[in-house]
Structure formats: C-alpha cells, structure tokens
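Below is one structure; the comments refer to it alone.
The values are calculated or read from the model by the stated rules, or taken from the named source; none is laboratory data. Everything quoted here is computed from the prediction, not taken from an experiment. So basically every Cβ, Gly included, is an ideal-geometry build from the backbone, and we count neighbours across all protein chains shown. For accessibility, only protein heavy atoms count, side chains too; no ligands or nucleic acids. Shrake-Rupley method; radii C 1.70, N 1.55, O 1.52, S 1.80 Å.
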Amino acid sequence: MLSKVMSGAVYGVDAYAVEIEVNAGHGDPFTVIVGLPDAAVRESKDRVETALINSGFAPPLGRTTINLAPADIKKEGPSFDLPIALGMLAAQGDIPPENLSEWAIVGELALSGEIRRVKGVLPISLSARDRGIKGIMVPTENAEEAAVVKGVDVYPVNHLRQAADFLAGNLALEPLSVDLDRVFEAFDLYDEDFADVKGQEYAKRALEVAVAGGHNLLAIGPPGTGKTMLAKRVPSILPPMSLEEALESTKIHSIAGMLPSHQALLVRRPFRSPHHTISDAGLLGGGSHPAPGEVSLSHHGVLFLDELPEFHRNVLEVLRQPLEDGRVTISRAAVSVTFPSRFMLVAAMNPCPCGYHGDPKNSCRCSSLQIQRYRNKISGPLLDRIDIHLEVPAVRYQDLASHRNGESSSDIRARVVQARKKQQDRFRDIRGVHCNADMRSRELNVHGRLEPEAEDLLKMAITELNFSARAYDRIRKVSRTIADLDQSESITPAHVSEAVQYRSLDRQMWV
C-alpha cells in the first residue's frame, strides 16, 4: 500500500514542503530511502523501525521504499523520523492514509518512541500556513515556537504512540495557542541596567546617540574603564522589537538550534559577543550545508566585538558586506544561501598593545611602530562603516565611591524610542532605509541639511582637525540623530559640535 505524508525542511531562513511517499511491498524485509538523503536521514530507517517495535507496532514485513520529494534537493537532519514512521503505519493499514493528507509533521524519534525537538520548526510552520495546511504536528518542546504562527493549528506530541492514536481517531488532542501579548511582556526583563554604571556620562550619552540612530560604534580606552560593561547594557536601551522583527530573529535562532525549549519568540533583541579567536566561517556562517553565523544570529540586535584588533584581519574583513547590505550570502558548489544580518556593531579596543597610550596615570611601554601596527589591524573600509568613535577614560574615584545611581535604562530607552519613531515616519516610504545610519547620499541631502552656522562649524572642523572625507557624511548622519533626540527638525551648531566629538579616530592628534 502507498501512503503520503507532508513535512518540511529549511533552506536558508525559509522552509519548503517535503512530500514523503511510503510504499510497503512484498519480498524480504528491507527499507530503502531515496530522494537525496544525507547520512542522518538514511539512518532514520533504523531509528524508525526500532521506535515502531518499542511503541507496540509491527515492523515493516516486506520491502519498503521511502521517497522524499522533491528528489533534487538534499535532505538533512532527523526531522523526518516521525512523518516516515507515521507513513509506514499508514502503508501497513494502522492509520487511515486519508487522515494524513491535511497535516504537516516533523519530529525526531528516540528508540523508545519518544519524540525529540528539531531545528527550524518556526519557518516550517510558516510554510505550512502559506500552503493552506490544516494543522502541523510537532514535538512538544517545539510547540510554543510553532504556535506563534496564526492561521495553522499546532498539535504537540511527545510519543509515536500518541501521534498514531490521534491520527487513527483513538485519541483527542487540543491545539496549542500562544498569547503573544504575554510573550512580549518579557521585553523589559534585563539583568543589566545603565543605572548600575558609575560615572561615564559622556560614554552613556554616546551610546544613546548610537542606538537612537542605529549607528555602529567603536569604544577606545585603557583596560578597566568599563567598555565591556557599557556594551553589555546596550540591549537594554534598544527599542522593543516588532512582531515581524521577532519572527525574523526567532527563525534564525530556530534554524541554528539555539532557541531554548518551550520558548515561543525572541522578544528581546539578541546580543552576541564572539571570542576574538572565531573563524570567518563562525562569524559569517558556513558549512557544507550553510548555517547562520554570528552576524546573522545578531540580526535586529547587537554584535559586540571586544578587543577588536585581536581578531584575525580576514575575519574582520568579512564584516564589510553584512554591514553594508544587511545580509550575507554564502556560496558553495551545490548551494547558495542568503541570511539576513542587519545588526548594530559595537566594538571595543585599547589605544595601543599595552593599553595605556595617552593615559595620564599610566605610562605607555609601546613604540610608535607598535602602536601604528596595532591600529592598522583595523582596515580603512571597516572604519568607514563605523559612525561613532568613543573615547572611554578611566572612572574618577568620586564617581566610583558615589552611592547615587545613574540614569536607568528605561529612561534612556524612552528617548531612543521617541527618536526612532521620528525616523520611521521620515523613511516610511523609502526602501532599505530604517534609521539615520542607513541614509544614502540622496536621503542625506534631503534630511541632513545643516543650518548655515552649523555648516560653517563643520567646514572648520574638516579643515582644522584634518578630518577625512568619509567623516563628513558620518558627522552629518550623527548630527541628524542628535537633533532627533532633541526633537529638532533643524540641525544646529550644537548638534554638529557634539557629533564632531565622536570622530576621534579621524583626528590627527589621535594618530
């Protein structure tokens, strides 16, 4: 007898339908899987047959052929275990074959028949809804993730026997629903808060400006000044994610297998901080079947690179495409996959190898050549994509000893949200521009116009401080953001003056 079961698989960040055909024939007991299965899928027949026996079902008695269509796309992973098992039961007459036609099914089987969680359930659930599938059957640990998709019924199952009895009509199950409003209530639950930071008011202001405009930021300062502590608190002042952004970020983490069990959505913006020994494949993504890297896992969030010059140069250079395009394309001989990677880059570095160049309290032991070589590890094209250069000095004793808390993250975030709202309204009809940092020359010439006095100030800064040509547009973008924080339509000399302070790497005195 022939049976058909619908399932799904992931390609990039989206899913496609996989039809599993199971034909139970005569002859010696033997099971073959065709349709470009990888090793994990080929091993599925052994897991499935053992799970069937341990669940009280008879194993296949003759030759069983399993086809995974479309046959020209390689199938990977153990997520086809459950639909293959149910297809075998339908082919043997234990389940009415017509009962499988309205379902999409995914799940890995243990030898006992228990159903384990799999990767990529959210994009598979979205694909099932778009195809008009009645419902989707998923492992219990993946159920909340699948249930955020409205328009498709999600049935969690934890054992092969339970799934078979339900499809045979011998057991009733209720679909799972998720209250998205309650899920988003977890947005404000941050462990780190800017209220805990002593002093560093200038640095906190620069981070507020960076987040308000979506600007990339590089913090420079000696060891122990709080660069890492400040960076870890950046997510707490980012604006809340929309449902669309949450779905995009959750899809990436689901595909990578990094979404915690029983979590419906990522409602807090991701914060990724890879070690400086990471490879370019780990940062960008890769593998024979390309998986998302750190730049994609930080989509709609923050990518923090501590000790920036310690990263391998080739690793830093691969950042240029995702910083510019908001996406990364990974090409292999048989496949090319594109992952979204629109993130805010926050980086930190010492001013020299020993860390104390320019520090009034500690003497620097580095030669001019060592300092220049250290800084040259960061290429000009990468610096060209960083709008704000923040100098972080040592904290004064009176600030450390103070018992007064600083301004809270919630207060700072309120101003950030207000500024971002102005930018959303400004760029509503402009494709590819979401915040001030995304402005191209066309938008900058319209929305980045300076008052005459501000234009004169910028001209003097470019001339007297020997700023590079790339700094001109960066200062205008940051000035626009500072004006938005002030709720000002015009860009004044005060806004330009503050923006100029955030270009320390372009000043001749720093070099």
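A few remarks follow.
- Averaged per residue, the chain has 44 square angstrom of accessible surface, using a 1.4 angstrom probe with ligands and nucleic acids left out.
- Each part reduced to its alpha carbon centroid, the range 49-68 and the range 456-481 end up 71 Å apart.
- Relative to the longest principal axis of the Cα atoms of the chain, helix 44-54 runs at roughly 60 degrees.
- Surface composition of the chain: carbon and sulfur atoms hold 49% of the protein heavy-atom accessible area at a 1.4 Å probe.
- Over the residues of the chain, the helix contribution to mean residue ellipticity at 222 nm works out to -10000 deg cm²/dmol, using -39500 (n - 2.57) for each DSSP H run of at least 4.
- The residues neighbouring residue 320, those whose beta-carbon lies less than 10 Å from its own, together hold a net charge of -3 under the Lys/Arg +1, Asp/Glu -1 convention.
- Taking only the C-alpha atoms of the range 16-102, the Rg (one decimal) and the largest Cα-Cα distance, Dmax (whole number), read 12.2, 35 Å.
- For the range 80-211, the fraction of alpha-carbon pairs in successive 5 Å shells from zero, as %: 2, 10, 16, 18, 14, 9, 5, 5, 6, 5, 4, 3, 2, 1, 0
- Computed extension length for residue 278-residue 28: 84.9 nm, one decimal, from 0.36 nm per residue of separation with the Cα-Cα distance subtracted.
- Full extension of the chain between residue 487 and residue 262 gives 76.9 nm of extra length, using 0.36 nm per residue less the Cα-Cα distance.
- On the basis of the beta-carbon distance and an R0 of 60 Å, residue 99 and residue 460 show a calculated FRET efficiency of 0.20.
- Remark on residue 302: its backbone amide H falls under 5 Å from those of 271, 272, 344, a criterion applied only to residues 5 or more positions apart or on other chains, H modelled at 1.01 Å from N.
- Where labels lie 7 Å past Cα in the beta-carbon direction, separation of residue 400 and residue 449 in nm: 5.1 nm
- Entries in 198/361; 361/459; 361/477; 204/477 that, when Cα-Cα distance is taken, lie over 25 Å: 361/459; 361/477
- Taking each of 134/421; 232/421; 74/150 in turn, the alpha-carbon distance tops 31 angstrom for 134/421.
- Within the chain, DSSP assigns beta bridges of which about 45% are antiparallel (rounded to the nearest 5).
- Straight-distance crosslink candidates among lysines, where the alpha carbon sits under 16 Å from residue 75 and sequence neighbours closer than 8 are dropped: 45, 119
- Positive minus negative residues near residue 175 (Lys, Arg vs Asp, Glu; Cβ under 11 Å): -1
- Between residue 417 and residue 172, the simple spin-label model (points 7 angstrom out along Cα→Cβ) gives 4.3 nm.
- With Cα atoms, 0 to 90° folded angle of helix 243-255 axis to the chain main axis: 60 degrees
- Once the Cα-Cα distance is subtracted from the 0.36 nm per residue extended length, the residue 202 to residue 50 segment shows a gain of 48.3 nm.
- The label point for residue 63 and the one for residue 180, both projected 7 Å from the Cα toward the Cβ, are 5.0 nm apart.
- Helix 121-130 axis, angle to the chain major axis (alpha carbon atoms, nearest 10°): 70 degrees
- For the range 423-438, Karplus couplings with θ = phi - 60° (6.51, -1.76, 1.60), whole Hz, Gly/Pro x: 5, 4, 5, 5, 10, 4, 9, 10, 6, x, 10, 10, 7, 4, 5, 7
- Relative contact order for the chain, counting Cα pairs under 8 Å that sit 6 or more residues apart, in percent: 13 percent
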